[in-house]
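**Student:** Before anything else, here's the structure in question.
Read the figures in this text as sums done on the coordinates, not as results from a lab. The model shown is predicted, which means the values in this text are computed figures rather than measured ones. Counting neighbours? That spans all protein chains shown, and the Cβs are built from the backbone with ideal geometry, glycine included.
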Amino acid sequence: MRSGVDTDSVMRLRLKPVLVSVAAGVAALAISPAWSASSGPASIDSVHVGAAKRLAPLRVSVSGQITCSKGAHYHVYGWALERSTGALAKGKTPPKVKRGSAADRRFKQVTRCSGAAQGWSFTAVSTGKPPHRFGAGQVDACITAYVNEHHRYDDLKQACGTVTLG
């Protein structure tokens, strides 16, 4: 004790509001729906490739269905290979758009999981130097899908299918 001041008492008085704030923050997180153990992480119940359509010699549209936790957002990355021509294309949904744009808002709505089976699609563009053209044959399409909710990644699934170009 210096000059008649009990430094331990002063420190306890200064730390008390900090400790109360930390305790309140921990309690708020514990009851928050985003962190609640009862809600659990978002999940993908099923995902599959259903069809492919030739849009142009170097572009194909790949589509299928996904069933995921209501409120989460899904993302699908995929490849399409036509073995007879050697054409390989890649694509994704949602596509890369300017953050905050009208397109960004639209894709956020489209890729929000409904809790029931819903369709997805993306346009895949032929890769390679030079890129090979797609014909009218069968395409092997493989996709990787993930869901995220509350800025965290929750589930990841893969699927492949052989479909005839429409």
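**Student:** What percent do you get for the relative contact order of the stretch 44-164 when only Cα pairs under 8 Å and 6+ apart count? Mind dumping the intermediate values first?
**Tutor:** On the way: 309 pairs, mean separation 43.4, N = 121.
Over the stretch 44-164, the number comes to 36 percent.
**Student:** Show me the ranking of peptides 116-129, 62-75, 151-164, 95-108 by mean Cβ neighbours inside 10 Å, starting with the highest.
**Tutor:** Working: 116-129: 15.4, 62-75: 19.9, 151-164: 13.9, 95-108: 10.8.
Per-residue Cβ counts within 10 Å, averaged per peptide and sorted highest first, yield 62-75, 116-129, 151-164, 95-108.
**Student:** Something else now. Checking the table K70/K108; K70/K90; K53/K90; K53/K92 against a 23 Å threshold on Cα-Cα, which pairs fail? Before the final figure, lay out each step's value.
**Tutor:** On the way: K70/K108 13 Å; K70/K90 27 Å; K53/K90 14 Å; K53/K92 15 Å.
Correct reply: K70/K90.
**Student:** Of V110, Y153, C142, which is farthest towards the positive pole of the stretch 92-157's charge dipole, taken about the Cα centre with +1 and -1 on the beta-carbons of Lys, Arg and Asp, Glu respectively?
**Tutor:** About the Cα centre, the residue reaching furthest to the positive side is V110.
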